[in-house]
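Inspection log for the structure reproduced underneath, given as structure tokens.
The values are calculated or read from the model by the stated rules, or taken from the named source; none is laboratory data. Model, not experiment: these values are computed from the prediction. Positions of Cβ are backbone-derived with ideal geometry, glycine not excepted, and every protein chain shown enters the neighbour counts. With ligands, DNA and RNA removed, areas are computed over all heavy atoms of the protein, side chains included. Shrake-Rupley method; radii C 1.70, N 1.55, O 1.52, S 1.80 Å.
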Amino acid sequence: MPEDRAIETHDLSKKYGDRLAVDRLNLTVASKQVHGFLGPNGAGKSTTIKMMVGLLRPTTGSLSILGQGVSGDNPRVRRKIGYMPELPRFPKHLSGEELLDVYGRMYGMSKTERQGRITELIKMVGLEGRGKDRIGKYSKGMQQRIGIAQALISDPELVILDEPSIGLDPVGMVEVRNMVKDIVKSGTTVFFSSHLLAEVQQVCDHVTVIHLGVMRYSGTLEDISSKVMARRRIVIELEKPVDGVLAALKTMKFATVEANMNTYTLHLDTREDVRAEVSRAVTSAGGVIVKMQEEGGGLEDAFLSLVGKEGMA
Amino acid sequence: MAQKKRAGTLAAFIALLYYEFLWNIRKKKIITIFIIIFAIATVQLAFTPIADAIANPPQALQANSTFVFAGIEALTGIFLFLVGVATTMNTVSGEFESGTIVPLLTKPVSKTLVFAAKIVASVITLLAAYSFLVGYIAIGGTLIYGPQDNLNLVPLGILGLTIGSMVWASVALTLGTLSKNSVLAALGSFGFYIGLLIGGTLIAAQLGASTVLFYAPGMGATGTTAACAGLERGGGQTFSTGTDGLASMLMRWVLNPGQVLNFCGFQFRASGNPTTTLLASDTFANVAFRDLWVSLVYVAGLLLLSWFAFRRSQIVES
């Protein structure tokens, strides 16, 4: 595997009984990339991540992390990974600092290394003054923060975050997002799963979309709209309904038309800007345009076309 | 390279032991075990003086040079079971129940190392608990009942109690690893204990001290220093020779290695008392040796099964 690839999977599949949770996933994540792993709930994101960190065994296929094959119980691979589980749960009777200390010991860090890193991380995740409190007394947001801190304790080459802002309030989500941006600045590869499109859009430069265990798209965020055929719409509102406008619009080969009272929606099959042509056709038929607006074609529409409307729930 | 790897593994193992003890101490598991043990030992020590004091007329406390030895021999059965099960019932299953297994298993430590650290922590906990218990009985017994005989055998008693308790601890650990549920582990272990007790009693009632009982965990076959033919008339001492009686057997092995233990069977008759017959006899040395390896085989077998289940486990829920 080329060294610039942090994660690579080949036909990776996982079955739970008869249910196929991940279906022949071929995923490549380049080093130093912030890669979003996007999909609705139940898409297979957490299952894929669990296979990456060794919590689950693939049914078929293979995967490599940082150039090393992951098969079975492989602590050497995990030494290079920092992982934050979805809704992380840590021993409640330990303090945040104790948790980081004991995990740091497992990475073979010296006392001096641990002390320096713990101070740095507690500050980074905004838990200054609360590091000595028991985790059982932490709020959900604080547990997410300590979850991020423990994933970074060994200064890993690859950080895998599974839904890091799930269950957080809007302020907490912004804070987590900012933390991820801070991690990225240090040159670490970040693989970031989320079911929230906006979150991925703000943090990641590359994205893989998965739905029902199947990979639907993998590439840059910029390319997703152009590569995925997401249909744009033109919505026209007339002053009053006019006979002949619908017939005029229906003559246009690049769109299908829906009419509702004095509102007409054209679902476009073209990427060209056809607003002038549409406007002329309406005016020629005697219609007076009150409002004309182009909708769709963005990331959200691309995502919708990949996963279907049920995926946005 | 290999040396560096070994050093890394050792450091990770020590880190896991630290994690385990931090967990047990903070969750007050170890403290609870010690409090229970302290209470039981205090009752054992104080029972005779209190009984003598409240007797009418009050009795003078008699010196008893075998109090400590007999006290260690009396620690058997349900006591070993409770301490063993309390030590390991949530050692593995507790991690699954609380979800803390997820961050733990994603650290650079193998499952085998995690499991080994949990076992070593359990053995150290049991060893410390029984050392505390026996030490307390030895000091208290000497102060209350005067100088004690055979105090040099106390370490063997501690070893026997630890291994005997480890048999039950292994049962609880295995059930906990398989079920990933602490309550099921505790209840299942208790069911196993009761089942063995009832099964053993039925076998003993029908067949006497059958050789089958030599190899069952728990109380095992009862041996006597008296002749079987004279058993109905009393005399001699009786001993449980199962895994629960290992402490007693190990101490007797050193004290009287050549003394013979008889294992008696019963013959029921249409009328009158059943007659007893000799089924087997062996020296304390042989009985203790067999008891030791039977205990160790149970511990090793159950831990192997538990380790295998732990290694195969996958984290579907998080």
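Rounded if a/c is under 1.5, else prolate if a/b beats b/c, else oblate: with a ≥ b ≥ c from the C-alpha gyration tensor eigenvalues square-rooted, which is the range B:277-318?
Judged from the Cα gyration tensor, the range B:277-318 comes out prolate (a/c at least 1.5, a/b above b/c).
In deg cm²/dmol and to the nearest 500, what is the mean residue ellipticity at 222 nm of chain B if only DSSP H runs of at least 4 residues count, each as -39500 (n - 2.57), divided by the residue total?
-22000 deg cm²/dmol
Rank these by accessible area, largest first, 1.4 Å probe: A:Leu299, B:Leu261.
The ordering from most to least exposed comes out as A:Leu299, B:Leu261.
Peptide A:88-95: average number of partner chain Cβ atoms within 10 Å per residue? Let's see the in-between values first.
Details: counts 5, 7, 6, 12, 4, 7, 5, 1.
Average neighbour count from other chains, rounded to a whole number: 6.
Using Cα-Cα distances under 8 Å and only pairs 6 or more residues apart, what relative contact order does the range A:5-226 have, in percent?
Value for the range A:5-226: 30 percent.
Indicate the gyration tensor shape class of the range A:67-184 (rounded, prolate or oblate), computed on the Cα atoms with a ≥ b ≥ c the square roots of the eigenvalues: a/c under 1.5 is rounded; otherwise a/b larger than b/c is prolate and the rest oblate.
It comes out oblate by the Cα gyration axes.
Mind pulling the angle between the C-alpha long axis of helix A:111-124 and the longest principal axis of chain A? Nearest 10 degrees, somewhere in 0 to 90.
30 degrees
Using only the heavy atoms of the protein chains and a 1.4 Å probe, how would A:Met261, A:Met292 rank by accessible area, largest first? Spell out each step's value before the answer.
Values: A:Met261 150, A:Met292 65 Å².
If we order A:Met261, A:Met292 from most to least accessible, we get A:Met261, A:Met292.
Per-residue HN-Hα couplings for the range A:286-292, Karplus 6.51 cos²θ - 1.76 cosθ + 1.60 at θ = phi - 60°, whole Hz, x for Gly and Pro?
Couplings: x, x, 10, 7, 8, 8, 9 Hz.
Keeping all protein chains in the complex and leaving out DNA, RNA and ligands, what accessible area do you get for B:Ile198 with a 1.4 Å probe, in Å² to the nearest 10?
100 Å²
Compute the separation of the alpha-carbon centres of the range B:125-170 and the range B:54-112 and state it in Å as a whole number.
12 Å
Could you tell me the accessible area of A:Ser71 in Å² (1.4 Å probe, neighbours in place), rounded to the nearest ten?
90 Å²
Which whole DSSP H helices in chain B pass both tests: a Cα extent of 18 Å or more along the axis and a mean Kyte-Doolittle value no lower than -0.5?
Both cut-offs are met by B:2-26, B:29-54, B:111-145, B:154-179, B:182-207, B:284-312.
How many partner chain Cβ atoms sit within 10 Å of a residue's Cβ in peptide A:106-115, on average, as a whole number?
Average neighbour count from other chains, rounded to a whole number: 3.
Search the structure for amide H atoms under 5 Å from the amide H of B:Thr283, placed 1.01 Å from N in the peptide plane, and list their residues when 5 or more places away or on another chain.
For B:Thr283, whose amide H was placed from the backbone, the distant partners under 5 Å are B:Leu261.
If I model a spin label at A:Thr270 and B:Gln267 as a point 7 Å from the Cα along the Cα→Cβ vector, what separation in nanometres do I get?
11.2 nm
For B:Thr32 paired with B:Gln237, estimate the spin-label separation in nm (one decimal), with each label point 7 Å from Cα along the Cα-to-Cβ line.
Spacing of the two 7 Å Cα→Cβ label points: 3.6 nm.
Using only the alpha-carbon atoms, how far is helix A:96-106 inclined from the longest principal axis of chain A? Give it as 0 to 90 degrees, nearest 10.
Tilt of helix A:96-106: around 70 degrees.
With labels modelled as points extended 7 Å from the Cα through the Cβ direction, what inter-label distance (nm, one decimal) is found for B:Leu304 paired with B:Ile194?
That separation, rounded to one decimal, is 3.1 nm.
Please say if the range B:158-258 is rounded, prolate or oblate, where rounded means a/c under 1.5 for a ≥ b ≥ c the square roots of the C-alpha gyration tensor eigenvalues, and otherwise the choice is prolate for a/b larger than b/c and oblate otherwise?
Oblate.
Once you average over the residues of A:69-76, how many Cβ atoms of partner chains fall within 10 Å of each Cβ?
Counting other chains' Cβ atoms within 10 Å and averaging over A:69-76 gives 4.
How charged is the neighbourhood of A:Val200? Take every other residue with its Cβ under 12 Å from the Cβ of A:Val200, and add Lys/Arg as +1 and Asp/Glu as -1.
-2
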